[in-house]
Amino acid sequence: MTATKTTEAEMRQMAAAPALLDIEHLRIDLPGRGRGDSMRRVIHDVSLSVAPGASVGLVGESGSGKSMTTKAVMGLLPKGAKVSGAVRFRGEDVSTYDRKRWTAYRSHDASMIHQDPRSYTNPLVRMGDFLIESVVATRQMTRDEARDKACALLREVGIADAARRMEQYPHELSGGLLQRMMIVMALMPSPSLVLADEPTTALDPTVQSEVVAILSEQIRERSVGLLFITHDLDLAAAINDSLAVMYAGVIVEKGPSSALVAHPRHPYTAGLLRSRPRLDEVEELRAIPGRPLSAFEAGKGCVFASRCEFATDRCREERPELIEAGGRSVACHRADELSDVLVGGSA
Ligand SMILES: Nc1ncnc2c1ncn2[C@@H]1O[C@H](COP(=O)(O)OP(=O)(O)OP(=O)(O)O)[C@@H](O)[C@H]1O
Ligand SMILES: [Mg+2]
């Protein structure tokens, strides 16, 4: 009886607790890249949450706004960006952060792992110094403590000769090894949130799966919240609890990974599933017709309307809201009618 009461109380507390990361109706306009260019919308509407210890895959084609979303979360948007909506970390709107809080947030609360580790290392700095730099500079640890922690973490990500690796320069390491170092770098301050922006896209497929497995394991062991960004729906579904599918600056569908892959509710998600090669299926691959659009190219209606085989006049005229029902969210006027028509796959 007591045990049941405790569980209920815990559940109420969990429901009341703010998400670790909460992005609500994020919209971003950036100044055009040419002189005299007007503002361009790069994100129309992004809402997603990462609960403490949960992993969310943000999936979308090139230019859909995935990296821009992470930049908004890290407060690293290009100069002149106009932002509306909110990004909240533990319930606190990050737009209220002052300089000191931003430094603490970026060096302790939230870590980033980037696609191309080489461009984030300094060719003249040994890996050991690089790994401990931030936590020492922000006085989270002494140099000795930081070196010990780095060595321990390097071993945990499968780098046995940690002490030797710490003495090496980035050019002496392979891409896979360097990305494991980046995982260590991200974990050094014991963050509660990690944003991984296409962390394995630049790696060979075999090394890719190794690095993904290591990242996933480390994140789960530490109950760190993860926002994993990728264009690969299969990869995202394999390692994340839930998925958010993005197209032209809009989240078009969200839900638990296995349910979303088995029963896509948005025609774009269904199109992505149909266009991926599968070894266990002989069915012909069907590419989504047309080319991916950037947010500023989308018309006033549904951002996917120009490529959607189910689009009606309403879809071209009126942008659908992301509607939540039964743990799934979909932004499609025809979601109910299409629920038996759209075909999924296996995760
Ligand atoms: N500094 C910038 N100024 C203006 N527009 C930009 C800038 N950086 C990116 N964009 C535009 O913003 C949109 C979203 O870019 P973003 O980098 O977020 O895409 P992405 O989904 O991460 O793509 P990829 O998979 O190629 O990394 C694109 O149309 C891009 O051209
Ligand atoms: Mg990107």
Taking interchain pairs and intrachain pairs at least six residues apart, which have beta carbon atoms under 9 angstrom, with the first residue in region 216-232 and over 16 Å from K254 (Cβ atoms) and the second of a type in the set (D, E)? E217/E156; Q218/E156; E221/E156; H231/E61; H231/E198; D232/E198
Select, from V343, V330, V303, the only residue that is touching a residue at least 60 places away in the same chain (Cβ under 8 Å) and not assigned by TED's automatic domain parsing to the domain that holds A270. V343
Out of curiosity, is R118 more than 16 Å from ligand 1 (Cβ to nearest atom), charged (D, E, K, R) and either within 17 Å of R40 (Cα to Cα) or at pLDDT below 95 (or both)? yes
Filter region 135-162 for residues that are exposed (fewer than 13 other Cβ atoms within 10 Å of the Cβ) and among the aliphatic types (A, V, I, L, M); which is modelled with the lowest pLDDT? A160
For region 15-57, give me the residue count where each residue is within 16 Å of ligand 1 (Cβ to nearest atom) and either free of Cβ contacts under 8 Å to residues at least 40 places away in the same chain or over 15 Å from G249 (Cβ atoms) (or both). 10
From (1) buried (at least 24 other Cβ atoms within 10 Å of the Cβ); (2) touching a helix residue (DSSP H, G or I) at 6+ places or on another chain (Cβ under 8 Å), pick out the condition that doesn't hold for D197. (1)
Inspect region 217-229 for any residue being in a strand (DSSP E or B), closer than 15 Å to A335 by Cβ and within 16 Å of ligand 2 (Cβ to nearest atom) and give the result as yes or no. no
Before we move on, is L227 in contact with a strand residue (DSSP E or B) (Cβ under 6 Å, 6 or more places away or on another chain) and modelled with pLDDT of 90 or more? yes
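Looking at P264, P320, P292, which is the one that is without any contact (Cβ under 8 Å) to a residue 24 or more places away in the chain and in a loop (DSSP other than H, G, I, E, B)? So that I can check it myself, show each step before the final result.
Working: P264 fails: without any contact (Cβ under 8 Å) to a residue 24 or more places away in the chain; P292 fails: without any contact (Cβ under 8 Å) to a residue 24 or more places away in the chain.
From the options P264, P320, P292, the qualifying one is P320.
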Can you name every residue in region 79-92 that is in contact with a Leu (Cβ under 6 Å, 6 or more places away or on another chain) and either within 16 Å of ligand 2 (Cβ to nearest atom) or assigned to a loop (DSSP other than H, G, I, E, B) (or both)? A81
So S64 passes all but one of these: (1) outside any loop (DSSP other than H, G, I, E, B); (2) crowded, with 17+ Cβ neighbours inside 10 Å. Which condition number does it fail? (1)
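The values are calculated or read from the model by the stated rules, or taken from the named source; none is laboratory data. None of the values given here were measured: they were computed from a predicted structure. With ideal geometry, Cβ positions are generated from the backbone for all residues, glycine too; neighbour counts draw on all protein chains shown.
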